[in-house]
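Each value in this text was obtained by applying a stated rule to the coordinates, not by laboratory testing. The shown structure was predicted, so the numbers you read here are calculated from the model rather than taken from an experiment. As a convention, Cβ positions derive from the backbone with ideal geometry for all residues, glycine included, and neighbour counts pool all protein chains shown.
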Amino acid sequence: MIKIKNIKKTYTKASVSTPVLRGISLSIQRGEYVAIMGTSGTGKSTLMNILGCLDKPTNGQLELDGVDVHGLDDDALSALRNKKIGFVFQQFFLLERTTALDNVLLPLIYAEKYPVDAVKRAKKTLVSVGLEDRMEYLASELSGGEQQRVAIARALINDPDVILADEPTGNLDSKSTNEVLEIFSRLNQEGRTIVVVTHDRAVAEHAQRILELKDGQIINSVANSKLKNSSDH
Amino acid sequence: MAIGVAAVVVMVSMGRGIQKRVLDMIHDMGTNLIVVNAGHITLVGGRERQSAIVTTLRPGDSDAIQDHCAFVTEVAPETSRKMNVQWESENLMTDVVGVTPAAFQVRNIKIEMGRYFDSAENDTARRVALVGSVIVEKLFNAEDPVGHRIRIGQAPFEVVGVMKAKGVDANGVDRDDRILIPIKTAMRRLVRTTYIQKIHIQVAHSGHLQRAEKEIRELLRERHRLWDKPDDFTIQNQATLVQTEKESTRTLTLLVASVAAISLLVGGIGILAVMLTACRERRREIGLRRAVGARRRDIRTQFLLESLIIAGLGGFFGAALGMLSAFLASKVGGWPAIESWDAIGLGLILSAIVGLIFGIYPASKAAALEPIEALRAE
Ligand SMILES: Nc1ncnc2c1ncn2[C@@H]1O[C@H](COP(=O)(O)OP(=O)(O)O)[C@@H](O)[C@H]1O
Ligand SMILES: [Mg+2]
């Protein structure tokens, strides 16, 4: 599904080069639930953004679904993000004065073809994240947990190959954190590929596999022995 | 923005108004016309004003022009005064104008009902009158006035005809609110003066206007024994009249045009500023849109559309404001203005163009943002 080989990323600012990623290779299988862990500033977001084709690596290869991303132009990358990737960010990034429903519909506006059943699909997706009675609320009227669930619905609307979540629970209280993690576990059980970036071991332990990032390299990749069953909650 | 569009609307409306006024003038006066006025004529607020009563222009001048000037085909002297007119129990004040039958042709006066008066009636100073449609309306309560007797001042007159309606002239005078009577009747029996106010002179064709004007000036100066004194009359030929008319309003049109240009520019810069701010403040939105699949050109289109909408709103209010100003300018200021729907169209198109031109830069800037930079923005 996702294959990266020897990815390097170096930020250059005022002629000072800071290597952040120093050669990362990994592959993620379809249907996997992977957590990338590391302390703040280790380059987790940088890696995530490269995986999501929002940013380009200084070196190395990225293959998504068998396609080498390197050769794609800007429009093709947009189309690829639209079709294959669903993003969930720490800050939710919803359009504030827009309803939950319209926020979820946003990726469809940029789809190759606006589906005739778009609204029906968006409503169904909102129902699946437990927001059936919040559809017409403005994003700014929703709690943090609700906003993040709208963001998840938005990530799901185009039926992406993978969900990339960067600190999805970083701005949430423990109750909302659990709701979000439950949704991820359920989505994974339904076969969805999920990559979660976090500094929080408790969050990472919901995943099947945990990668540890340190000093720009993956120092540890373990199958999660303590994997909890999501129905335990 | 709004002011710019308003100015465009005002400008076009006034342009139309002036054009109509010139056409009216030509229509009213026939073609190839020279007008001699007693004393000095000045333009005040786009309208002719006679400075003072001057008594030196006489019927004899009119006859002399007819007899001695080579290019002249028709001469129509005129005297007029505002007088009280009475019919049965109704009465009103109106312009009573003494003319010769030559005026009918020279001034393009047509009969609606009844008949003209003729030279014999003029020579014998008969008390006959032609009335305008406003008189029929107000004095006769829209009844057929032909054959009825009216009183002009104290003297009884018979209405022999009704003139075809002509509307308001270039100087804001309602040409239907007047009564024409033979000039000799007017001078002998009514106003009892020996002087006249105007002579309309027709020449064979417009190429003769300048030479005829020169001849008439020399003749009148000689007859009035002016020697080295300035003219005690004003000669205008139609070409000059049209010219003056255009000049008197050109300054204003220029002013309005520059206001239009400047405010459209200011409006455009306003849009530029607003959209640049939007581009900066909405970087996260741009980043998010890019993340979920918007291409650069989608972002550009969105921002351009927003510029257009702002410009369109400005244009809309401007059009309304412009209509209002043009209306006020014509009603209160006396400037000619014709409401023009296509001027509003032009105004809206101009504002759209301004919106597009000044929207391109911010839109391109928004589109050029790298998605990752945009998302990371605070
Ligand atoms: N655009 C950038 N320019 C320069 N340095 C950056 C930029 N983005 C991130 N960095 C630096 O790269 C390092 C990793 O950042 P990040 O990937 O956000 O870490 P994490 O998500 O693990 O906290 C940090 O030291 C950060 O300061
Ligand atoms: Mg981060």
Relative to the longest principal Cα axis of chain A, at what angle does helix A:174-189 sit, 0 to 90 degrees, rounded to 10? 80 degrees
Going Cα to Cα from residue B:331, which lysines come in below 28 Å? Please leave out same-chain ones fewer than 8 positions away. B:20, B:82, B:138, B:164, B:166, B:246
So how do B:235, B:353, B:150 line up by other beta-carbon neighbours within 10 Å, fewest first? B:353, B:235, B:150
For B:14, B:83, order by how many other beta-carbon atoms lie within 10 Å, fewest first: B:83, B:14
May I ask for the percentage of alpha-carbon pairs in chain A that lie more than 31 Å from each other? 21 percent
So for R0 = 45 Å, FRET eff. of residue B:68-residue B:137 from the Cβ-Cβ r, to 0.05, ends up at 0.55
So for R0 = 25 Å, FRET eff. of residue A:219-residue A:56 from the Cβ-Cβ r, to 0.05, ends up at 0.55
Cβ charges +1 (Lys, Arg) and -1 (Asp, Glu), total dipole of the protein assembly as shown, debye: 800 debye
Please sort by residue number the trypsin sites (Lys or Arg not before Pro) in the range A:88-136 whose DSSP state is loop and whose Cβ has at most 16 other Cβ atoms within 10 Å. A:97, A:113
With the dipole of the range B:55-231 worked out from charges on the C-beta (+1 for Lys and Arg, -1 for Asp and Glu) around the Cα centre, which of B:154, B:97, B:227 lies farthest toward the positive end? B:227
Show me the trypsin sites (Lys or Arg not before Pro) within the range A:1-50 that DSSP assigns to loop and that have at most 14 other Cβ atoms within 10 Å of their Cβ. A:30
Below 8 Å, C-alpha to C-alpha, sequence gap of six or more: please give me the relative contact order for chain A in percent. 28 percent
Ellipticity estimate at 222 nm from DSSP helix runs (n ≥ 4, -39,500 (n - 2.57)) divided over chain B, nearest 500: -17000 deg cm²/dmol
In whole angstrom, largest first, the equivalent ellipsoid semi-axes that the Cα gyration tensor gives for the range B:306-378 are 40, 11, 7
As straight-line cross-link partners of residue A:9, the qualifying lysines (C-alpha separation under 22 Å, not fewer than 8 residues apart within one chain) are A:44, A:56, A:214
Based on the Cβ-Cβ distance from residue B:112 to residue B:361, what FRET efficiency comes out when R0 is 56 Å, to the nearest 0.05? 0.30
Under a straight-distance cross-link criterion of Cα-Cα below 12 Å, which aspartates and glutamates are reachable from residue A:3, leaving out those fewer than 8 residues away in the same chain? A:63, A:65, A:68
Specify the inter-centroid distance of the range B:352-378 and the range B:97-136, based on alpha-carbon positions, in whole Å. 73 Å
How far apart, in nm, are the 7 Å Cα→Cβ label points at residue B:231 and residue B:124? 3.9 nm
Cα-based radius of gyration of chain B once divided by 2.2 N^0.38 Å, which approximates compact folds: 1.46
Past the 24 angstrom mark, what percentage of all C-alpha to C-alpha distances in the range B:35-142 do you count? 39 percent
Report, as a whole number in µm² per second, the diffusion coefficient that Stokes-Einstein gives for the range B:55-231 at 25 °C and 0.890 mPa s using the Kirkwood radius over alpha carbon pairs. 144 µm²/s
From DSSP H assignment alone, runs of 4+ in chain A each adding -39500 (n - 2.57), the sum over residues rounded to the nearest 500 puts [θ] at 222 nm at -9500 deg cm²/dmol
What full-extension length gain, to one decimal in nm, is calculated for residue B:273 and residue B:154 as 0.36 nm per residue of separation minus the Cα-Cα distance? 35.5 nm
May I ask for the equivalent-ellipsoid semi-axes of the protein assembly as shown, computed as the square root of five times each C-alpha gyration tensor eigenvalue and listed largest first in whole Å? 92, 26, 16
